[in-house]
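The values are calculated or read from the model by the stated rules, or taken from the named source; none is laboratory data. Keep in mind the model is a prediction, meaning the values are calculated, not measured. Glycine gets a Cβ as well: all are built from the backbone with ideal geometry, and neighbour counts include every protein chain shown. Surface accessibility is based on the protein's heavy atoms, side chains included, excluding ligands, DNA and RNA. Shrake-Rupley method; radii C 1.70, N 1.55, O 1.52, S 1.80 Å.
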Amino acid sequence: MSKEISQAVVKRLPVYYRYLEELLDRGVERISSGDLSSLMNITASQIRQDLNNYGGFGQQGYGYNVLYLHDEIGKILGLDRAHNIIVIGVGNIGRAISNYSKFEDLGFHMTGLFDIKKELIGQSLHGIKIRDISDLPEFSKKSRIDIAALTLPKDAAESIVKMLVAIGVKAIWNFSLTELQVPSDVVVENVHLSDSLMRLSYKRTNN
Ligand code: ATP
């Protein structure tokens, strides 16, 4: 289904989800498309178009049922099931990711930490042991890995990706500053923080 859906729509789905969570937290049960539109600063017709890709969810004259829309968007995002995440490279970014409890709230469970540095191996972060990267194939036999976060230097990324593909990992959250070559059944989401900072610098410079 998601094949024909534009990346711009997919990019907005987590934003809808976030706002709907906030509304739920505030005890809002129902919202008109106009109110949702002004809250999110997206036109009502854009919201309608986006949601129509998945069958609508609104009712003429009623607006949106917040819990229903939240849960449906959650399902589209795959948040109705748990995801096991491992982190490869327990440097500054790897640590920040493993320390961030919000991911756990969304159903992403940190199940393993891996590094190559001898002094880190055997230490624990939040009760999770840092393992030697060479133990990854063995670990994957005992513990399902849904997502691997790559928070290691780019020159180490290629060989690690080969290992991940070989053990059957199908989703990579890539913080290493390189574009990864993966088979078509493996999905990658790049989070290149310094690119983002450079874009901000561009905007600042050209404003
Ligand atoms: P550091 O803690 O060394 O200052 P950093 O936050 O500056 O790390 P990087 O140099 O990108 O970031 O390294 C991140 C982590 O990736 C380090 O802990 C490093 O030991 C680890 N690492 C490097 N190569 C590999 C590898 N092949 N497999 C697993 N982890 C690796």
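Here the condition is being β-branched (V, I, T) and more than 16 Å from the ligand (Cβ to nearest atom); of I116, I73, it holds for I73 alone. Taking the stretch 54-83 as the range and being farther than 17 Å from Y17 by Cβ and touching a Phe, Trp or Tyr at 6+ places or on another chain (Cβ under 8 Å) as the test, no residue passes. Residues that are open to solvent by less than 30 Å² (accessible area, probe 1.4 Å) and in a helix (DSSP H, G or I) within the stretch 1-16 comprise V9, L13, Y16, listed in sequence order. Among the candidates G78, G89, the residue that is modelled with pLDDT of 90 or more, within 14 Å of the chain's Cα centre (by Cα) and at positive phi is uniquely G78.
Right, D80: closer than 18 Å to I145 by Cα and within 16 Å of the ligand (Cβ to nearest atom) or not? Criteria not met by D80. Per the listing R95, R26, the residue uniquely within 16 Å of the ligand (Cβ to nearest atom) and out of contact with any His (no Cβ under 6 Å at 6 or more places or on another chain) is R95. Q49 falls short on exactly one of the conditions (1) under 30 Å from R144 (Cβ atoms); (2) surrounded by fewer than 16 Cβ atoms within 10 Å (Cβ to Cβ); (3) more than 16 Å from the ligand (Cβ to nearest atom), and that condition is (1).
Annotation note: of S140, S124, S134, the sole residue that is farther than 30 Å from M198 by Cα, open to solvent by less than 60 Å² (accessible area, probe 1.4 Å), among the polar types (S, T, N, Q) and more than 20 Å from the chain's Cα centre (by Cα) is S140.
Restricted to the stretch 122-207, the set of helices (runs of 4 or more DSSP H) holding at least 2 residues that are within 11 Å of the ligand (Cβ to nearest atom) and touching a residue at least 24 places away in the same chain (Cβ under 8 Å) comprises 154-166.
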